[in-house]
Amino acid sequence: MPKHILIVEDELKIANLLENYFQASHYQTTIIDEGTQVIDWVRHHEPALILLDLMLPGKDGIDICHEIRQFSNVPIIMITARVEEIDRIIGLEIGADDYICKPFSPREVVARAKVIFRRLDPLLNNEQIQKLPLFLDEETYIANFNQTQLDLTPVEFRLLIILHNMPGKVFSREQLMNALYEDHRIVTDRTIDSHIRNLRKKLHHAGCTDEIIHSVYGVGYKYEL
Ligand code: CA
């Protein structure tokens, strides 16, 4: 059974875009473009996730979120048009699971939804997934931390992907060099070290205060939360 995503959005262009991306990832979708119908629908359909626009005709997203929380823990991703609104709605503690600001990349919305599903999956339950809003898109080479783009060079991006895809695995500098430079061009250990240094710096600037790329003395590096 595919998971059912409810998209509450009155701008149909955006709603359809989200629908296309979620359907392409094999989710079932329903669009509601008006606020007053949402509660009833949720009571009768139990969606796996709700994408909830803040400004809606009929009833706004904050009220809807409040009301849903009276009877359901369904994950809710709030969508707002302005980044300043995010602080305000977080302050209201309305019980949303995540927040996304327009304009967004629909691919990132799908990725965020998957993070929430992973978090809820008892087999993969790892609270730290939630703590680290790192988003890597291997097709576009876009890396975001907390919605801040990291502006990585292609080499830094590949380095991060290699480490990130096998959390906890220790890679030697030589392994990283071989993985990064398929043409076996001559690079030194120091090249890897300086890429790692830059990566850490960029992550830090984007607000990632936890060390996620760890040095393993005498061996190399690993990615770990
Ligand atoms: Ca709207």
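Considering each of Ile89, Ile64, Ile79 in turn, give the residue that is within 16 Å of the ligand (Cβ to nearest atom), in contact (Cβ under 8 Å) with a residue 40 or more places away in the chain, in the same structural domain as Glu9 (by TED's automatic domain parsing) and assigned to a helix (DSSP H, G or I). Spell out the reasoning first.
Values: Ile89 fails: in contact (Cβ under 8 Å) with a residue 40 or more places away in the chain; Ile79 fails: assigned to a helix (DSSP H, G or I).
Within the list Ile89, Ile64, Ile79, the selection yields Ile64.
If you scan the range 194-225, which residues turn out to be part of a helix (DSSP H, G or I) and closer than 19 Å to Met166 by Cα? Spell out how you get there, then give the answer.
Keep residues of the range 194-225 that are part of a helix (DSSP H, G or I), which gives 194-205.
Answer for the range 194-225, where residues must be part of a helix (DSSP H, G or I) and closer than 19 Å to Met166 by Cα: His195, Ile196, Leu199, Arg200, Leu203.
Each row is one residue, and each column tells you yes or no for (1) touching a strand residue (DSSP E or B) at 6+ places or on another chain (Cβ under 9 Å); (2) at pLDDT 90 or above.
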| residue | (1), (2) |
| --- | --- |
| Leu6 | yes, yes |
| Glu9 | yes, yes |
| Glu19 | yes, yes |
| Ala24 | no, yes |
| Val42 | yes, yes |
| Glu46 | yes, no |
| Asp53 | yes, yes |
| Ile68 | yes, yes |
| Arg82 | yes, no |
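Could you give me the residue pairs with C-beta distances under 9 Å whose first residue belongs to the range 5-24 and is in contact (Cβ under 8 Å) with a residue 12 or more places away in the chain, whose second residue is part of a helix (DSSP H, G or I) and within 11 Å of the ligand (Cβ to nearest atom) wherever it lies, and which are 6+ apart or on separate chains?
Ile7/Ile14; Ile7/Ala15; Val8/Ala15; Val8/Gly35; Val8/Gly61; Glu9/Ala15; Asp10/Gly35
Return the only residue of Asp33, Asp53, Asp98, Asp63 being under 20 Å from the mean Cα position of the chain (by Cα), farther than 21 Å from Phe145 by Cβ and of a type in the set (Asp, Glu). Write out each step before concluding.
Values: Asp33 fails: under 20 Å from the mean Cα position of the chain (by Cα); Asp98 fails: farther than 21 Å from Phe145 by Cβ; Asp63 fails: under 20 Å from the mean Cα position of the chain (by Cα).
Answer to the check: Asp53.
Exactly one of these conditions fails for Leu52: (1) exposed (fewer than 13 other Cβ atoms within 10 Å of the Cβ); (2) closer than 17 Å to Ile116 by Cβ. Give me its number.
Only one criterion in (1) exposed (fewer than 13 other Cβ atoms within 10 Å of the Cβ); (2) closer than 17 Å to Ile116 by Cβ is unmet by Leu52, namely (1).
So, of the residues in the range 48-61 that are closer than 10 Å to Ile77 by Cα and touching a Leu at 6+ places or on another chain (Cβ under 9 Å), which turns out to be nearest to the ligand (Cβ to nearest atom)?
Leu52
The values are calculated or read from the model by the stated rules, or taken from the named source; none is laboratory data. Being a predicted model, the structure only gives us computed values, none of them experimental. In this analysis, Cβ positions are derived from the backbone assuming ideal geometry, glycine residues included, and neighbour counts consider all displayed protein chains.
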